[in-house]
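Trainee: Handing you this structure, nothing more for now.
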């Protein structure tokens with residue numbers, strides 16, 4: 001099995017999340033299309049796939065395994081491309 005690449009902006013997003021009091025667990029090594037992060041904030045948990053929003057759209061696509069996971073998952077899972085995406089998601093899903 002090949003190791004999953006971590007997008008360049010992931011550490012920046014994790015650092016930001018922790019600075020606002022979120023719990024963050026990096027699960028990117030789980031494989032099988034699992035998302036990169038579990039984020040806990042305001043009593044809620046979120047599954048986030050991090051993509052680098054500075055890359056070309058074609059380079060931000062989900063892998064076939066990620067796509068399968070997203071389609072089959074019965075709970076919340078989303079794609080976050082920037083700190084702005086993270087803020088928007090938090091605002092829309094916790095307030």
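Trainee: With angles folded into 0 to 90 degrees, how steeply does helix 10-19 sit against the dominant principal axis of the chain? Use alpha carbons for both and round to 10.
Mentor: With rounding to tens, the tilt is 20 degrees.
Trainee: Considering the chain as a Gaussian network with a 10 Å cut-off on Cα pairs, which listed residue, 54, 15, 44, attains the greatest mean-square fluctuation?
Mentor: Taking springs between Cα atoms under 10 Å, the residue moving most is 44.
Trainee: Taking 35 Å as R0, compute the FRET efficiency from the Cβ-Cβ separation of residue 67 and residue 15 and round it to 0.05. List each step's numbers first, then the result.
Mentor: Numbers: r = 28 Å, r/R0 = 0.80.
Approximately 0.80, to the nearest 0.05.
Trainee: Now for a separate question. Multiply the residue separation of residue 91 and residue 6 by 0.36 nm, subtract the distance between their alpha-carbon atoms, and state the gained length in nm to one decimal. Present the calculation step by step, with values, prior to reporting the outcome.
Mentor: Numbers: separation 85, 0.36 × 85 = 30.60 nm, distance 2.52 nm.
Contour length minus the Cα-Cα distance gives 28.1 nm.
Trainee: DSSP beta bridges in segment 10-94, what fraction antiparallel, as a percent rounded to 5? List each step's numbers first, then the result.
Mentor: On the way: 9 of 12 bridges.
Antiparallel bridges make up about 75 percent of those DSSP assigns within segment 10-94.
Trainee: Compute for the chain: radius of gyration divided by Kirkwood radius, i.e. Rg/Rh, restricted to C-alpha atoms, rounded to two decimals. Before the final figure, lay out each step's value.
Mentor: Values: Rg = 12.7 Å, Rh = 13.6 Å.
Rounded to two decimals, Rg over Rh is 0.94.
Trainee: Related question: Say we join alpha carbon atoms closer than 10 Å with springs in a Gaussian network model of the chain; which of 23, 82, 58 then has the biggest fluctuation?
Mentor: Comparing 23, 82, 58 in the GNM, the peak value goes to 58.
Trainee: Sticking with this one: Starting from the Cα gyration tensor of segment 42-95, take the square roots of the eigenvalues, sort them a ≥ b ≥ c, and report rounded, prolate or oblate (rounded when a/c is under 1.5, otherwise prolate if a/b is larger than b/c, else oblate). Don't jump to the answer; show the numbers that get you there.
Mentor: Values: a/c = 3.38, a/b = 1.23, b/c = 2.75.
Here segment 42-95 falls in the oblate category.
Trainee: For every helix of n ≥ 4 consecutive DSSP H residues, a contribution of -39,500 (n - 2.57) applies; sum these over the chain, divide by its total residues, and give [θ] at 222 nm rounded to the nearest 500 deg cm²/dmol. Can you show the working numbers first?
Mentor: Values: 3 runs with 31 residues, N = 95.
It lands at -9500 deg cm²/dmol.
Trainee: Given springs between every Cα pair under 10 Å in a Gaussian network model of the chain, which of 83, 20, 38 has the largest fluctuation?
Mentor: Result for the chain, Cα springs under 10 Å: 20 fluctuates most.
Any read-out appearing in this document is the output of simple, stated calculations on the displayed coordinates, not a laboratory observation. As the structure is a prediction and not an experimental result, all values here were calculated from the model. Glycine also receives a Cβ, built like all others from the backbone with ideal geometry; neighbour counts cover every protein chain displayed.
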